[in-house]
1. May I ask you to evaluate 6.51 cos²θ - 1.76 cosθ + 1.60, the Karplus curve with θ = phi - 60°, for each residue of the stretch 135-141 and list the ³J(HN,Hα) values in order in whole Hz, giving x for glycine and proline?
2. Would you kindly work out the equivalent ellipsoid of the stretch 283-330 from its C-alpha gyration tensor and give its semi-axes, the square roots of five times the eigenvalues, largest first in whole Å?
3. At a 1.4 Å probe radius, carbon and sulfur cover how many percent of the accessible area of the stretch 211-325?
4. In whole Å and largest first, what semi-axes does the C-alpha gyration tensor of the stretch 324-365 yield when each eigenvalue is scaled by 5 and square-rooted?
5. Determine by what factor the alpha-carbon radius of gyration of the stretch 274-385 differs from 2.2 N^0.38 Å, reporting the quotient.
6. Would you tell me the accessible area of Cys279, worked out with a 1.4 angstrom probe on the heavy atoms of the protein chains, in Å² to the nearest 10?
7. Quick check on the chain: helices-only [θ] at 222 nm, where DSSP H runs of length 4 and up contribute -39,500 (n - 2.57) each and the sum goes over total residues. Nearest 500, please.
8. Amide H neighbours of Ile261 under 5 Å, at least 5 residues apart or on other chains, H built in the peptide plane: list them.
Amino acid sequence: MNNFIFENPTRVYFGKGGVKEYLSSIIKHYGSTVMLAYGGGSVKKNGIYEEVTGILKEAGKRIIDFPGIMPNPTYAKVQEGARLVREHDVDFILAVGGGSVIDCCKIVSAQAKLDEDIWDMENKKKTYPVEFVPMGAIVTASGTGSEMNAGAVITNEEKKIKGALFGAQAAFAFLDPTYTMTVPFQQVISGAFDTLSHAMETYFGKPEQNNLSDDINEAIMKGIISNIRILLKNHEDYNARSELMWASAMAENGILKIGKITDFQAHQIEHQLGAYTDCNHGQGLAVIHPVLYRHIYKEGVERFSRFAKNVWGISHKETKEETALAGVEALADFIKEIGLPTSFTQMGIGEETNFKAIADSTNITAGCCKTLTHQEIFEILKECL
Ligand code: NZQ
Ligand code: ZN
């Protein structure tokens with residue numbers, strides 16, 4: 001196992017009714033002006049907005065609305081939020097939404113305290129913010145696990161890059177599975193697959209030797225697979241939603257990454273696909289994963305055959321390579337089974353897309369068992385059509 005330092009500062013309030021029970025006692029420790037950030041309006045339809053504003057008003061807070069954070073949040077939206085924070089002297093940012101809202105707020109929180117452009121600061125100067133407007137998260141759609149880390153994925157439309165930025169980490173996160181009941185079911189599955197992807201991207205990293213993080217990871221992957229199957233039979237199954245919501249946080253709270261260099265090559269490809277097409281994150285990953293894995297499994301044959309056996313229950317075939325490939329095919333079959341797209345065409349992404357530019361702007365990761373070239377990424381993208 002590699003050396004590591006571990007800390008996760010987010011306090012999690014998990015379960016039904018948590019916001020009603022605890023939010024007012026937490027929020028009183030922060031200043032009087034709270035920026036309430038949310039997406040395109042689902043929180044107004046399902047009553048979460050009313051519930052949260054009621055609690056904030058009762059606690060005597062001045063509320064500054066920051067609405068309209070879009071899926072795949074843009075850098076322009078981050079700047080809008082940072083201006084709002086400065087203009088109204090916001091003391092606390094409360095993100096109410098899925099990964100997009102939480103990600104946007106993390107960077108708003110940092111940008112509001114900076115005199116320079118955070119994109120250039122992190123990407124060119126390689127320096128990172130240390131001062132933040134404190135924030136908290138109320139998760140309404142699970143999958144990204146954004147609520148328990150400081151990383152955000154922001155689309156810079158001008159530069160045509162969807163990339164990682166580091167900002168604030170939520171001081172607290174409410175994870176109430178009942179809040180996810182109104183998420184369109186396709187998005188529920190897409191989010192759950194994103195979680196499975198995070199687990200796989202960590203599992204297939206380095207080193208390949210056994211390690212406790214990987215044992216825990218296998219349990220999480222199996223849990224995601226079985227709970228997606230339960231939800232497909234009964235969309236409202238509270239227990240399955242709870243399990244998926246906690247798996248989502250677990251996959252991105254650092255625990256599975258302990259002692260490892262992660263892979264995340266599929267994510268890098270998907271993010272650039274997103275920069276050019278604004279596609280749905282989980283769906284893009286569903287198409288890319290099997291195609292990418294068919295390209296790389298031979299270089300990671302030990303790990304891929306362990307994945308086949310321990311996650312998909314495949315018995316050993318004649319060779320390790322055959323076992324490894326059977327695991328990749330089991331993943332591909334599962335994606336089909338749960339109704340996710342298996343080609344870009346099904347996602348409305350056609351051959352007119354500039355795959356060359358997407359491939360050339362994709363980061364090559366150090367943790368992938370095979371170091372890809374931009375040309376091979378281009379081929380992978382074309383195979384996804
Ligand atoms: O905008 P509203 O109206 O709220 O609708 C949203 C949105 O359309 C809807 N939704 C959320 N909660 C709802 C609901 N609809 C009804 N009832 C509810 N309770 O769901 C739609 C998708 O929301 P979004 O936040 O975009 O989804 P998700 O949580 O999948 O986040 C995706 C973003 O996170 C990034 C992705 O790249 C993408 O930009 N990621 C962030 C990561 C991180 N910070 O660690 C890691 C991931 O790999 C990922 O890249
Ligand atoms: Zn993801």
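1. These are the phi-based 3J(HN,Hα) values: 9, x, 10, 10, 7, 10, 9 Hz.
2. 18, 12, 8
3. Here carbon and sulfur together make up 50 percent of the probe-accessible area.
4. 25, 17, 7
5. 1.11
6. In the full protein context, Cys279 sits at about 10 Å².
7. Result for the chain, helices only: -15000 deg cm²/dmol.
8. Placed amide hydrogens put Lys206 under 5 Å from Ile261.
The values are calculated or read from the model by the stated rules, or taken from the named source; none is laboratory data. Because the structure is a prediction, the values reported are computed rather than measured. Please note that ligands, DNA and RNA were not included when accessible areas were found on the heavy atoms of the full protein model with its side chains. Shrake-Rupley method; radii C 1.70, N 1.55, O 1.52, S 1.80 Å.
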